[in-house]
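Let me begin by presenting the structure, written as structure tokens, before commenting on it.
The values are calculated or read from the model by the stated rules, or taken from the named source; none is laboratory data. Since this is a predicted model, take the numbers as computed values, not measurements. Note that we place each Cβ from the backbone using ideal geometry, even for glycine, and neighbour counts take in every protein chain shown. Ligands, DNA and RNA are stripped out before the accessible areas are found, and what is left, the full protein with its side chains, is counted by its heavy atoms. Shrake-Rupley method; radii C 1.70, N 1.55, O 1.52, S 1.80 Å.
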Amino acid sequence: MRYRIARTVDASAIDGLGHTNNTIYIGWCEQAAWEHSAALGLSLSDYQALGFAMAVTRAVFDYRKATYEGEILTIDTWLSSIEKRLRMKRHFRIASETTGLLVGEGEWDFACIRLSDGRPSRMPKEFVDVYSAAIVG
């Protein structure tokens, strides 16, 4: 299951070089990830109630094309794997609806942690059930 959000580049996203600041894309990816997780049935409040979370352990992003104020972007995200109930991989693809060009692609690795102490832990059954059903092959 892929999930998509759209964002319009506004003046606050533009940096001193005149294009969208790279950190803005990362923030939009994070928003897409949270929205996707909530749509699947695991929101931040669910994480807190269960006492577990998925924390980013590695983030890679390849920037392909700059974007500018007024451009409409789509951010797609999907899950590709769960490993031993400990790790999960999420992907991102950002495209400009305005130009039709690929803007960037990202891949984030997550590890399950206990919220009580931040230590790694196996995913609770609720995480495995929800996230396993959303894996895109």
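With the condition kept exactly as written, say whether any residue in the stretch 114-128 is in a loop (DSSP other than H, G, I, E, B), small (Gly, Ala, Ser), open to solvent by 70 Å² or more (accessible area, probe 1.4 Å) and within 22 Å of Met1 (Cβ to Cβ).
No, every residue in the stretch 114-128 fails to be in a loop (DSSP other than H, G, I, E, B), small (Gly, Ala, Ser), open to solvent by 70 Å² or more (accessible area, probe 1.4 Å) and within 22 Å of Met1 (Cβ to Cβ).
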Scan the stretch 104-118 residue by residue and report those that are among the small types (Gly, Ala, Ser) and within 17 Å of Cys29 (Cα to Cα). Gly104, Gly106
Going through the stretch 4-24 one residue at a time, which ones are open to solvent by 70 Å² or more (accessible area, probe 1.4 Å) and either under 15 Å from Phe110 (Cα atoms) or in a helix (DSSP H, G or I) (or both)? Ser12, Thr23
Glu105 versus (1) within 19 Å of the chain's Cα centre (by Cα); (2) not in a strand (DSSP E or B): which is the lone unmet condition? (2)
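Mind listing whichever residues of the stretch 92-117 are within 30 Å of Glu69 (Cα to Cα), free of Cβ contacts under 8 Å to residues at least 40 places away in the same chain and of a type outside the set (Gly, Ala, Ser)?
The first filter runs over the stretch 92-117 and keeps only residues within 30 Å of Glu69 (Cα to Cα), leaving 92-108.
Those left that are additionally free of Cβ contacts under 8 Å to residues at least 40 places away in the same chain: 93, 95-96, 98-102.
Across the stretch 92-117, the qualifying residues are Arg93, Thr98, Thr99, Leu101, Leu102.
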Among the residues of the stretch 25-65, count how many are surrounded by fewer than 16 Cβ atoms within 10 Å (Cβ to Cβ), assigned to a loop (DSSP other than H, G, I, E, B), touching a residue at least 40 places away in the same chain (Cβ under 8 Å) and out of contact with any strand residue (DSSP E or B) (no Cβ under 7 Å at 6 or more places or on another chain). 1
Ser81: assigned to a helix (DSSP H, G or I), modelled with pLDDT of 95 or more and not hydrophobic (A, V, I, L, M, F, W, C), yes or no? no
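If I ask for residues that are open to solvent by 40 Å² or more (accessible area, probe 1.4 Å) and not in a loop (DSSP other than H, G, I, E, B), which ones from the stretch 66-78 would you list?
Our first condition is that a residue be open to solvent by 40 Å² or more (accessible area, probe 1.4 Å); within the stretch 66-78, this holds for 68-70, 72.
The one that is open to solvent by 40 Å² or more (accessible area, probe 1.4 Å) and not in a loop (DSSP other than H, G, I, E, B): Ile72.
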Quick one: how many residues across the stretch 84-102 are outside any strand (DSSP E or B), closer than 25 Å to Ala49 by Cβ and open to solvent by 70 Å² or more (accessible area, probe 1.4 Å)? 2
